[in-house]
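Colleague: Sharing a structure below in structure tokens format, with a few things to ask.
The values are calculated or read from the model by the stated rules, or taken from the named source; none is laboratory data. Bear in mind the structure is a predicted one, so any value in this text is a computation, not a measurement. A quick note on method: Cβ atoms are made from the backbone with ideal geometry, for glycine too, and the neighbour counts reach across all protein chains shown. Just the protein is used for accessible areas: all its heavy atoms, side chains included, with ligands, DNA and RNA removed. Shrake-Rupley method; radii C 1.70, N 1.55, O 1.52, S 1.80 Å.
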Amino acid sequence: FRAYHTFKGSANTVGLSALGAIAHVVEDGLVELDAASASTLRRPLAELLLRVQRDLRQGLRGPPADSSWLAGAIAGLASADGDHSDDTRVLRAQPLDEAAEPAPAGRRSLRVAAEQLDHLMDLTGELVIGRSRLGARVSTLGELARDLLASRNRLITTIDGFRERYEFSGLDGRGRGAPRWLGAEAGLAVSAQADPHAAHFTDLELDRYEDIHVLARSLGEIGSDIGDLQGQIQRTIGDLGQDADAFNQVIGGIQGEIARARMVPIEQLFTRLRLAVRDAAERDTKGVQVATSGEQVALDRALADGLHVPLLHLVRNAVAHGIETTEDRVVGGKRADGTITLTARHEAGQMVLEVHDDGAGLDLEALHRRGRERGLIPSSTPVDSESVRQLVFAPGLSTSAQADAVAGRGLGCDVARREIQRLGGSLRVSSVRGQGTTFAIILPLTLAITRALLVRERGMLVAVPMNFVERVLDLEQARTTRSGGLVRVAYGEQLLPLIDLGVALGLGQAAALRGPALVLRLGEGRWALRVGTLLNQEDIVVKSMGDLLSGHPLFSGVTISGAGRLVPIIDVPGLLSPDATYAALATTEVEVLRPVRPPAAATTTTARVLFVDDSLSVRRVADQLLRSLGVEVVLAVDGEDALARLRQERFDVVFTDLEMPRMHGYDLIREVRFIPAYRELPLVVVTSRSSDKHRAAAEAAGASDYLTKPFTLETLGAVLARWVHQS
């Protein structure tokens, strides 16, 4: 409905009145069908709209098609009593697959000053120099890494040689002789033992060096070498930090230059709106002039494109509802022609656009009456309250007696606010009776690069644009109340509805009331969004999600993290829309209604697994495999570490190795089973010992299951399927 309303206004603005008339007929038909609540008409209605779409495309390419069939087809649908076979047959009489594909969009272009290109080339030269310097630093680090590896090998060889000599010494304490690891230094000790004159000197008269002294000396030399290498590495890392700062400065300069290159004067947008005002004034037989201010103010090209539709609705509404007729203006002592003033300015790092008309102002009495009739406001609401002025944004509410080609649907301001919110801005209205109405739009300066808060929610990394975030709350410290079956968070004198991000994303049921919550501001409204973990703030580059996911209800785009991961950007207006948030609002039991996306996610929760193993490589492999199975993983290095984790956190399954330092797996199983709260906790042994003796001992200690290494994704998945379901 909104799409046809916007198309009608755009078509009439550029003189395609025949197409505007078709869209107007479709609007009338959709109103009737909505009133009939005929949910069984979906298929024939869809085919009707596809045929209308074909006719509209034909009208854009050449003479419009004959649309005389449209009114009758819509009337037939509206009066249908459930049997739609005739309507469907009529609509199918003309095949829909003959509609030509829309022509590909032309290339978009921008004018860029030669001075800007010269500056960009200078900055590119700085990047080339920095790249060469960075390559040299990396080469130096590579050499230091090789030296460090050589020192490490010397250390390992020295220690292994000492162990080989003395680990299996005879009972008389004598070793196996000087090993090769002692090299030339061993000659001191060996020659001292073989020197016949050594027996003639006491220890005070002659130093005697044994293998332990030689080992200490060798370790000291190796430690000194490693210390020198560490110092060189730290200095090189410091140089890399300076290079990174220089890169940041250059990239910041390039970012600024490209942002300025993307800027276009808002005068171009104002010129397009003059046509819309002229068209609407002619249709309403009113005299309207357009005044502009701040035409040279520049804004991002993407913002300029996105602002056309909301501004189009605002200026048409100003003509239809704001500007009085010529007779009324003359009687009121005003100039015969009304004036719509378009103003643009930069204010506090934001773009401010105002659409002001010198008309009669908002009809607050009519808004109050319509709001009460539709149950949007209580009858006790004062006429001059802010809630009455906000009714101009209510979808489907209009003060016009009937709909015409310009207004009367009650959608203009609603469409404008939705579009502006999707651009990350807000729309406000103010009015003075008899003097006019002003709509103020506040927007960020650019959409290409923005500041975002990175959040991890149940293993998923998402970005929340900072221009919507007002504050961060700690739910454990904040006061929460439950009313109407929903959890609300106290924020100043307000009670904000709490939305669970994990539920909104379809990741499971609502989490407990702890951790951070973001206070989100959208226009004049505020909500609290519970999130998992706050990571950091970053300047992110906003990229499109592609044609397939364009218009996604929860994501406005994606960005790429430093690790190369795609991070979806939360579409805050879409998240806070009534269609999306009802399923994410927390109930009194900290649960939620079944989420809309996806339906199956509401019945599952993320399992938490503790994996215990003293091998770093085994822990890394297990962490990767278990996370790919959709569980949350916590790692422990041995039995004592695992017990400490179990005292602090809750787990659904524990995987443990048997052979570990400090506390091996058998003792860990016994300790866990001794605790009453953990007697039913699934304990799965993961070991390289496959004998029946080891397996029997594990079962006797209280193990629930037994796996032998190496494990696979399938074996871990089978274990989780057995024990997570049972637990």
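Colleague: Scanning for something part of a strand (DSSP E or B) and in contact with a helix residue (DSSP H, G or I) (Cβ under 8 Å, 6 or more places away or on another chain), does the range 498-505 turn up at least one residue?
Modeller: yes
Colleague: If you go through the range 347-376 one residue at a time, how many are over 30 Å from residue 451 (Cβ atoms), open to solvent by 20 Å² or more (accessible area, probe 1.4 Å) and without any contact (Cβ under 8 Å) to a residue 60 or more places away in the chain?
Modeller: 9
Colleague: Would you confirm whether or not the range 244-251 contains a residue that is small (Gly, Ala, Ser) and either surrounded by 17 or more Cβ atoms within 10 Å (Cβ to Cβ) or at pLDDT below 75 (or both)?
Modeller: Looking through the range 244-251, none of the residues is small (Gly, Ala, Ser) and either surrounded by 17 or more Cβ atoms within 10 Å (Cβ to Cβ) or at pLDDT below 75 (or both).
Colleague: Filter the range 615-630 down to the residues that are in a helix (DSSP H, G or I), open to solvent by 50 Å² or more (accessible area, probe 1.4 Å) and either without any contact (Cβ under 8 Å) to a residue 12 or more places away in the chain or of a type outside the set (Ser, Thr, Tyr) (or both) and list them by number.
Modeller: 616, 617, 620, 621, 624, 627 - these are the residues of the range 615-630 that are in a helix (DSSP H, G or I), open to solvent by 50 Å² or more (accessible area, probe 1.4 Å) and either without any contact (Cβ under 8 Å) to a residue 12 or more places away in the chain or of a type outside the set (Ser, Thr, Tyr) (or both).
Colleague: Check 649, 640 and return the single one that is more than 21 Å from residue 716 (Cα to Cα) and touching a Lys or Arg at 6+ places or on another chain (Cβ under 6 Å).
Modeller: 640 is the lone residue from the list that is more than 21 Å from residue 716 (Cα to Cα) and touching a Lys or Arg at 6+ places or on another chain (Cβ under 6 Å).
Colleague: Suppose we filter 698, 703 for residues that are farther than 16 Å from residue 638 by Cα and in a loop (DSSP other than H, G, I, E, B); which single one remains?
Modeller: The conditions single out 703.
Colleague: Hey, another quick one. Is there any pair with a first residue in the range 314-330 that is closer than 17 Å to residue 290 by Cβ and a second that is among the aromatic types (Phe, Trp, Tyr) whose Cβ atoms are under 6 Å apart and which are 6 or more apart or on different chains, and what are they?
Modeller: Final answer for the pair search is 314/439.
Colleague: Is there any pair with a first residue in the range 667-691 that is touching a residue at least 24 places away in the same chain (Cβ under 8 Å) and a second that is surrounded by fewer than 11 Cβ atoms within 10 Å (Cβ to Cβ) whose Cβ atoms are under 7 Å apart and which are 6 or more apart or on different chains, and what are they?
Modeller: 673/679
Colleague: Given the criteria modelled with pLDDT of 85 or more and of a type in the set (Ser, Thr, Tyr), does residue 399 qualify?
Modeller: Spelling it out, it is not the case that residue 399 is modelled with pLDDT of 85 or more and of a type in the set (Ser, Thr, Tyr).
Colleague: For the range 101-111, check the following and say yes or no: at least one residue is open to solvent by 70 Å² or more (accessible area, probe 1.4 Å) and at pLDDT 70 or above.
Modeller: Within the range 101-111, one or more residues are open to solvent by 70 Å² or more (accessible area, probe 1.4 Å) and at pLDDT 70 or above.
Colleague: Further, regarding this structure: Could you list, in sequence order, all residues of the range 331-346 that are free of Cβ contacts under 8 Å to residues at least 60 places away in the same chain and out of contact with any strand residue (DSSP E or B) (no Cβ under 8 Å at 6 or more places or on another chain)?
Modeller: Of everything in the range 331-346, those that are free of Cβ contacts under 8 Å to residues at least 60 places away in the same chain and out of contact with any strand residue (DSSP E or B) (no Cβ under 8 Å at 6 or more places or on another chain) turn out to be 331, 333, 334, 335, 336.
Colleague: Confirm whether residue 471 is in a strand (DSSP E or B), among the charged types (D, E, K, R) and surrounded by 18 or more Cβ atoms within 10 Å (Cβ to Cβ).
Modeller: It is false that residue 471 is in a strand (DSSP E or B), among the charged types (D, E, K, R) and surrounded by 18 or more Cβ atoms within 10 Å (Cβ to Cβ).
Colleague: Got a sec? Which of 421, 509 is surrounded by fewer than 21 Cβ atoms within 10 Å (Cβ to Cβ) and not in a strand (DSSP E or B)?
Modeller: 509
Colleague: Regarding the range 42-54, can at least one residue be identified that is at pLDDT below 75 and not acidic (Asp, Glu)?
Modeller: Yes, that holds for at least one residue.
Colleague: Moving on. Kindly provide the set of residues from the range 642-684 that are over 40 Å from the mean Cα position of the chain (by Cα) and not in a helix (DSSP H, G or I), ordered by number.
Modeller: 658, 659, 660, 661, 662, 663, 664, 675, 679
Colleague: In the range 307-350, how many are out of contact with any helix residue (DSSP H, G or I) (no Cβ under 7 Å at 6 or more places or on another chain), within 19 Å of residue 296 (Cβ to Cβ) and hydrophobic (A, V, I, L, M, F, W, C)?
Modeller: 1
Colleague: Condition check: out of contact with any Gly (no Cβ under 6 Å at 6 or more places or on another chain) and closer than 21 Å to residue 416 by Cα. Does residue 362 satisfy that?
Modeller: yes
Colleague: Out of everything in the range 631-653 that is in contact (Cβ under 8 Å) with a residue 60 or more places away in the chain and farther than 17 Å from residue 669 by Cα, what residue ends up being least open to solvent (accessible area, probe 1.4 Å)?
Modeller: Ranking the qualifying residues of the range 631-653, first place goes to 631.
Colleague: Filter the range 264-283 for residues that are open to solvent by 20 Å² or more (accessible area, probe 1.4 Å) and out of contact with any Ser or Thr (no Cβ under 8 Å at 6 or more places or on another chain) and give the result.
Modeller: Within the range 264-283, 265, 268, 271, 272, 274, 278, 282, 283 qualify.
Colleague: Within the range 277-304, work out how many residues are assigned to a strand (DSSP E or B) and at pLDDT 85 or above.
Modeller: 6
Colleague: Among 560, 540, which is open to solvent by 50 Å² or more (accessible area, probe 1.4 Å), more than 30 Å from residue 488 (Cα to Cα), aliphatic (A, V, I, L, M) and modelled with pLDDT under 85?
Modeller: 560
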